Amino acid sequence: MGGPQIPWCSGRVDQPVEAVTADGRLPNADVGKPGADKSDADHLRTIFYRMGFNDQEIVALSGAHALGRCHTTASGYDGPWTPTPTTFNNAYFTILSNLKWVPKTWDGPYQYVNQGAETLMMLPTDLVLLEDKKFLKWVNVYAKDEAKFLKDFSDAFHKLEELGTSNLSPVFA
C-alpha cells in the first residue's frame, strides 16, 4: 500500500456511544449550490478549523483520497480518485491538478469525472482545492513533492487520530 509511517499512541479510552461525536465532524462532499464553489471551501475550513487544523493540513488530509473509491451504496458517489486506489502516494494531487474535470452526467449526486475517459472521479470538495488560492498552493506543493506530502500527511493524520485525547503512550514515533 505504501505511504508514510504515522506515529501512534495507545491508551485511548473509548467512551459510551452517547459521547461519540455526532455527524458533522468530517466534511460533506458538497454544500451550497451543486458543484465546487466558495461554500465548499468555507465548509472545509469550518469543519477543520474548529479542530485546530490549518489550510495546509486540510489539503494534506485530502490526500487520503489517493486510497479507495466511492460506492453508490455507501455515499451515493461512484468511482475511484486515482487509477491506483490501493497505493498511498501523491497521485491524487497530480491527477487533480493535471486532468480536466467535467460534471458527471447521471442521476446521482453532483460529482466530476475526468474528461474523455470518465474513469476517475472527484467530489466538489476536491475540485475546490484548485479554485481556492490558499488550498491550491498546497495542491501544487504536494503534486511536485511526494516526500513532503507523506511527511505532512503523517503529521496531520497523527493530529487527527489523537484529537481530544490525553495521557497516551507512544507505540512508535
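The values are calculated or read from the model by the stated rules, or taken from the named source; none is laboratory data. Everything numeric in this text was worked out from a predicted model, so none of it was measured. Please note: Cβ atoms are built from the backbone with ideal geometry, for glycine as well, and neighbour counts cover all protein chains shown. The protein model used for the area step is the full one, side chains on, heavy atoms only, and it has no ligands, DNA or RNA in it. Shrake-Rupley method; radii C 1.70, N 1.55, O 1.52, S 1.80 Å.
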Any hit, region 103-125, residues being surrounded by 16 or more Cβ atoms within 10 Å (Cβ to Cβ), in contact with a helix residue (DSSP H, G or I) (Cβ under 7 Å, 6 or more places away or on another chain) and under 17 Å from residue 156 (Cβ atoms): yes
Does at least one position in region 127-135 carry a residue that is touching a residue at least 60 places away in the same chain (Cβ under 8 Å), among the basic types (Lys, Arg), part of a helix (DSSP H, G or I) and more than 23 Å from residue 1 (Cβ to Cβ)? yes
Pick from 147, 156, 74: which is assigned to a helix (DSSP H, G or I), of a type in the set (A, V, I, L, M, F, W, C) and under 24 Å from residue 43 (Cβ atoms)? 156
Neighbours by Cβ (under 8 Å, 6+ apart or cross-chain): first from region 105-117, over 15 Å from residue 82 (Cα atoms); second among the β-branched types (Val, Ile, Thr): 108/72
Given (1) closer than 19 Å to residue 30 by Cβ; (2) in a helix (DSSP H, G or I); (3) open to solvent by 20 Å² or more (accessible area, probe 1.4 Å), number of the condition residue 138 does not satisfy: (1)
Counting only residues that are more than 12 Å from the chain's Cα centre (by Cα), more than 20 Å from residue 36 (Cβ to Cβ) and among the hydrophobic types (A, V, I, L, M, F, W, C), how many does region 55-90 have? 2
Write out, first by first residue and then by second, each pair whose Cβ atoms fall under 9 Å of each other, whose residues are 6+ apart or on separate chains, and whose first residue, in region 70-85, is of a type in the set (Phe, Trp, Tyr) while the second is assigned to a loop (DSSP other than H, G, I, E, B) and surrounded by fewer than 15 Cβ atoms within 10 Å (Cβ to Cβ). 77/71; 77/108; 81/68
